[in-house]
1. Run the numbers for T305 and F180: contour at 0.36 nm per residue of separation, minus the present Cα-Cα distance, in nm.
2. If one computes P(r) from the Cα atoms of region 160-259, what percent of pairs lie at distances over 17 Å?
3. Going highest first, how would you order 293-300, 247-254 by mean Cβ packing within 10 Å?
4. GNM on the chain, C-alpha springs below 10 Å: top fluctuator among P230, P341, P323?
5. Sorted by mean Cβ packing within 10 Å, highest first, what order do the peptides 303-310, 76-83 take?
6. If I stretch the segment between S294 and Q342 completely, what's the gain in nm (0.36 nm per residue apart, minus their alpha carbon distance), one decimal?
7. Roughly what % of Cα-Cα distances in the chain sit above 37 Å, to the whole percent?
8. Let me know the charge dipole size of the chain about its Cα centre in debye, to the nearest 20, where only the beta-carbon of Lys, Arg (+1) and Asp, Glu (-1) is charged.
Amino acid sequence: MKFKKIFLASFLTGAIFFGGFGCASEGADNSNVTPTKNIAESNNSAPSNESKIPRQDLIVYSSPEKYSYDDFMHDLKIIENNYSSQVQIIKLCDTPDGRGVYDIVLGDINGDNQVLIFGAMHAREYITTQVVMRQLCEAIDVLNGGGGTYRGISDAELLKGVTIHFVPLSNPDGVSISQFGLSGINNDSIRNQVASMGGDYVQWKANARGVDLNRNFDAGWYEFGGSSYPSSERYKGTAPGSEPEAAALISLTQDYHIKRAISYHTCGALIYWYYKQSGEVLAQSQKFANEISSATGYPLDDDYTAVDAAGYKDWAVYKLGIPSITIETGAESGFYDNPVPQRFFNGIWERNKNVVYATAYELKY
Ligand SMILES: [Zn+2]
């Protein structure tokens, strides 16, 4: 039973959810975890006594230019305080610079139809954290009587029997470097290491150890060249899954019944969906990618056989046979630059607001 070690407890009071993952958890204090409730017993089918998301209290709805890790944690605490009966918050791992990677789960954690959506794997692409957070908040609203329809089916009906894992901020150390430079780093030793790598911190893509997390997965990793040394981008690390942030997503994907996965990036306006898959996985991947293309208006990558390698999507498709896509956002108005300025957020959101429901639709019908 994979989930026996997961306990429901407050993640902000020192107690932490552990999912039995293999990722690093150094620095985490789990000595006061109280095994009050097995998370596997939780589900979202109970009638709701909750209300809709208090948008005025959530920083993500104020559209800040830099939605930081602290802003994210502020909003996560509000969600935890108000919706503990409807969401489970799991700390996947601690990062080298002492932050957490969090998975917010809607739906039955043992369900057959599970979806993973994550953002900000590349540091400077942090506007995608806001996309995934807004998707989470709107999905909570759907559980509480809100929402619209997709292809004539209510969002609430589409979410039935589907579990969504939202990981809005998968590289919090890197995002802090891109947003705040060296002053965004907590640990003196890590700050010195980052300083020695140099570069334009605003354009930082890697984690705090200089590893490009989307080149740290076991799909063509050994063949991939890239940078030879830790740097702001394209250094693949010492081994597949060497980084706690990547290892966390690997464990999450392996431990749950993930059937579809979406990785958010910038800057572009298209969908990558292929990495050497064939047969049924190829057919499922095309169906999934076409549905998301229809929902967002983003075209599929037309040069899809020119694959990159060692990314999350590549690994999930190739090693696990999970239809997975990378959605590149931010260039909807023809502006190509990172970090994508906040003034483009509304255009990004319009394209991506139905992605959760389109994914559920494709999975169920
Ligand atoms: Zn990226």
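1. 41.3 nm
2. Every Cα pair in region 160-259 considered, those over 17 Å come to 54 percent.
3. Descending mean neighbour count gives 247-254, 293-300.
4. Judging by the Gaussian network model, the answer is P341.
5. Order by mean packing, descending: 76-83, 303-310.
6. So the extension gain works out to 14.8 nm.
7. In whole percent, the share of Cα-Cα pairs in the chain beyond 37 Å is 12.
8. About 440 debye.
Read-outs: derived from the displayed coordinates by stated rules, not from any lab. Keep in mind the model is a prediction, meaning the values are calculated, not measured. In this analysis, Cβ positions are derived from the backbone assuming ideal geometry, glycine residues included, and neighbour counts consider all displayed protein chains.
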